[in-house]
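Working notes, beginning with the structure itself.
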Amino acid sequence: MLNDGGGDDLDEWPTGRLLSTAARLVEQAWEQSLRRRGLTHAGVIALHAVAHAPLSQREMARACRVTDQTMSRTVDHLVRGGFVTRAVDPEDERRMRVEITPSGVDAYRRVIELERDDAPGGDSPVAVSDPATLRRLLLEIVRSHSTPRDSPGSTHDRESPPLHGM
């Protein structure tokens, strides 16, 4: 019988399967961690957009590379959670201006801390004994599969903005 690495023994799994499984598990842990804080991944990206200055919803949508309707739903959720306020823009009454609240600033800072490999309390979704080595290897994988920005077919313009330099 051919051993294709399909068994339950993780030590026998192919590297690609381990990597994609690890990515899904980390993503699930991240989403649970955000949910406990009343946030979503989209909400964190939106908070990042307004962390330094108020923006119109349209400006936020453009910065986050989503539709106006998607940003409207995300902002609705953030308003209900007390993370942002939405008010008529005093400079243009046709626009709605979104501003982060002190509660939003606090939540955003805590999430940024969680993103760090050495998050206090072991609350990072990526808890490994040697985060520097993991990071180096992940960068090697990403770079080896990345398309240069100026080449035809580059997806750079369609990617989400990085979070806090991540």
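The values are calculated or read from the model by the stated rules, or taken from the named source; none is laboratory data. Values in this document were obtained by computation on a predicted structure and should not be read as measured data. Reconstructed Cβ throughout: ideal geometry from the backbone, glycine too, with neighbour counts over all protein chains shown. Quick note on the areas: whole protein, heavy atoms, side chains included, nothing else; ligands and nucleic acids left out. Shrake-Rupley method; radii C 1.70, N 1.55, O 1.52, S 1.80 Å.
Here is how the numbers come out for the structure above:
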quantity: From His41, His48, residue being under 12 Å from the mean Cα position of the chain (by Cα) and touching a residue at least 24 places away in the same chain (Cβ under 8 Å); calculated: His48
quantity: Test for Leu25: is it free of Cβ contacts under 8 Å to residues at least 40 places away in the same chain, touching a strand residue (DSSP E or B) at 6+ places or on another chain (Cβ under 9 Å) and closer than 19 Å to Leu114 by Cβ; calculated: no
quantity: Residue match in segment 51-60 (condition: of a type in the set (D, E, K, R), open to solvent by 50 Å² or more (accessible area, probe 1.4 Å), part of a helix (DSSP H, G or I) and closer than 15 Å to Ser103 by Cβ); calculated: no
quantity: Criterion violated by Arg65 - all others in (1) under 17 Å from the mean Cα position of the chain (by Cα); (2) over 30 Å from Leu19 (Cβ atoms); (3) in contact (Cβ under 8 Å) with a residue 12 or more places away in the chain satisfied; calculated: (2)
quantity: Scope segment 30-50; condition open to solvent by 40 Å² or more (accessible area, probe 1.4 Å) and polar (S, T, N, Q); matching residues; calculated: Gln32, Thr40
quantity: Any hit, segment 87-98, residues being under 28 Å from Ser124 (Cβ atoms), open to solvent by less than 60 Å² (accessible area, probe 1.4 Å), of a type in the set (Val, Ile, Thr) and not in a loop (DSSP other than H, G, I, E, B); calculated: no
quantity: Which numbered condition Asp11 fails, given (1) at pLDDT below 90; (2) within 30 Å of Leu139 (Cα to Cα); (3) over 15 Å from the mean Cα position of the chain (by Cα); calculated: (1)
quantity: Candidate set from segment 99-111 (those that are free of Cβ contacts under 8 Å to residues at least 24 places away in the same chain and assigned to a helix (DSSP H, G or I)); member that is surrounded by the fewest Cβ atoms within 10 Å (Cβ to Cβ); calculated: Pro102
quantity: Checklist (1) among the hydrophobic types (A, V, I, L, M, F, W, C); (2) touching a strand residue (DSSP E or B) at 6+ places or on another chain (Cβ under 8 Å); (3) closer than 18 Å to Ala107 by Cβ applied to Ala63, failing item; calculated: (3)
quantity: Complete set of residues in segment 9-28 that are of a type in the set (Lys, Arg) and surrounded by 12 or more Cβ atoms within 10 Å (Cβ to Cβ); calculated: Arg17
quantity: Failed item in (1) of a type in the set (A, V, I, L, M, F, W, C); (2) modelled with pLDDT of 95 or more; (3) assigned to a strand (DSSP E or B); (4) open to solvent by 20 Å² or more (accessible area, probe 1.4 Å), with Val79 passing the rest; calculated: (3)
